[in-house]
Amino acid sequence: ARLPGELASLVFDDLDLDHIVHASHVSRKWRVRAQTHPTFYSDITVHSRHYTGPPEAVCAFFQARVSAAGTKTIAQLSIRVTGPCAAVQRVFLPAVAQCLPRIVRLVLIFKDCYASQVYDALSGPAPRLRSLVLHLLNIYDGDPVAQDDMTCPEDIFSRHAPQLRELSLLGTMWPQVPVPAFSCVASIRTEYDDATIPNPEVLFISCPAFDDLVFNSDSVDDIPQDLWDVCHNRRLRRLVIDGPSQTSAVLNVTTADTEHVNFYGTWADAATFNHVFQHMAAEVQMQLLSDRDVLRVVLKDDFRTRQVDYLVVEIEEWLTPSIFSPMLSRITTLSVDTESLFDLPRIALRFPSVVTLVIAWSCPEESGSLFQPLSFPALRRLEVEGSPEWGETSEVRVLDLAQFMGHVLGCLPRKALALVFRNGAHLEGDPQGVRGYFKEIIIL
């Protein structure tokens, strides 16, 4: 407790919230230091699933953190209470209204029965707010809330949120009139339930400046074309579709100027693929990434990124060579990780223009399980990447690499390639065992 102030500040800077709270019990002086440290008040989160004590204790701790903020900026205030809770009206929403002028990121997730009280709490100006997540959930455990009560009012934030750039609303909450507080919003995330056909026009009406859209819906393709036709300025910089239906949104908002498009390939038709690939440049990088249950196929040029996701359980049915065959002659760099290497034959057996092949360090293992060798007639460079984020070096055994060259690439020793090790990867064993394949070995 007698630690000099400068040293105490350095100590507190390295503590997380739990340790800050423990430190507050050391002495009165440390309590003051703890409760005036930004870690205590700048990121305030309440989640009903994370209650570790009685509701009264949770509310008291929440109020203490809000009070500690005083007039200082709150980087994030996040409240997620998805069931009935008296504290919503008594404690949480009054605190939101009180702190609103000082909040940078606000996350509010409540049952829809609190809609009117939530909008009352958001009636004041929000001059520092940059990001808003507002979800009013229909939990189906009571009388339905009228649509008009769910809709975001056009005078939210007293029409004043000049720094608001990111916005996430459920599909049933979008108003059909311009919202002055949303006039500078650039990035939108919205979600529709299975029974609701989205109306994209309300997005462009509410947020006329947005160019980044994450669209979560199972019924995108049910949107009538006339609803798309009335959408003005529907050219986006970034589009992410999360749901089994894809074609309608991709075809209607993707242009040559769209930098990033991400969609599921499972149900997308040929028109979708042709449309998003037609704008790609003459030289393209392809990357295959396995992420648990999803295989990601990413195509990039100097300006555009096109990402197609596949559920692993559906790859055999939906990932066919015909999808990417129009792009094969443009792919000059190909990157694969450990798992996705074995999905390459589903895209193609021959990659005529690939000059550089990048593989994860463990790819050579079990390479003989591929059905037949792949062909890379233009290949000049093989890069083996390690995984420095794990704090370990990545060893590639000479025998595994030799098997990889023969079984996967079908290469005969001809000393035509450059072998490059990156990010901690290195060769384990006598390099003479693979010298016949490579004209040089480089470690970066």
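The values are calculated or read from the model by the stated rules, or taken from the named source; none is laboratory data. This is a predicted model, so every value here is computed, not measured. Glycine also receives a Cβ, built like all others from the backbone with ideal geometry; neighbour counts cover every protein chain displayed. The accessibility values were calculated without ligands, DNA or RNA, using every heavy atom of the protein model including side chains. Shrake-Rupley method; radii C 1.70, N 1.55, O 1.52, S 1.80 Å.
Counting only protein heavy atoms and using a 1.4 Å probe, what share of the accessible area of the chain belongs to carbon plus sulfur, as a whole percent? In the chain, the share of accessible area belonging to carbon and sulfur is 51 percent. The Cα atoms of the chain give a gyration tensor whose axes a ≥ b ≥ c have a/c of 1.5 or more with a/b no greater than b/c, which makes the shape oblate.
Extending 7 Å from Cα along the Cβ direction at S27 and again at H426 yields two label points whose distance is 5.0 nm.
Evaluate Rg over Rh across segment 172-265, taking Cα atoms for both radii and Kirkwood's formula for Rh.
Numbers: Rg = 12.2 Å, Rh = 13.3 Å.
Over the Cα atoms of segment 172-265, Rg/Rh equals 0.92.
So what is the calculated 222 nm ellipticity per residue for the chain, using -39500 (n - 2.57) for each DSSP H run with n of 4 or more, over all residues, to the nearest 500 deg cm²/dmol?
Values: 16 runs with 105 residues, N = 444.
Computed ellipticity for the chain at 222 nm equals -5500 deg cm²/dmol.
Counting only protein heavy atoms and using a 1.4 Å probe, the accessible area of H22 comes to about 120 Å². Springs between alpha-carbon pairs under 10 angstrom, Gaussian network model over the chain: which of T320, T172, T333 fluctuates most? Result for the chain, Cα springs under 10 Å: T320 fluctuates most.
At a probe radius of 1.4 angstrom, the accessible area of the chain per residue rounds to 48 square angstrom. With a simple spin-label model that places each label point 7 Å from the Cα along the Cα-to-Cβ direction, the separation between S67 and S322 comes to 6.9 nm. Here the simple spin-label model places points 7 Å from the Cα toward Cβ, and for A209 and S183 these points are separated by 0.9 nm.
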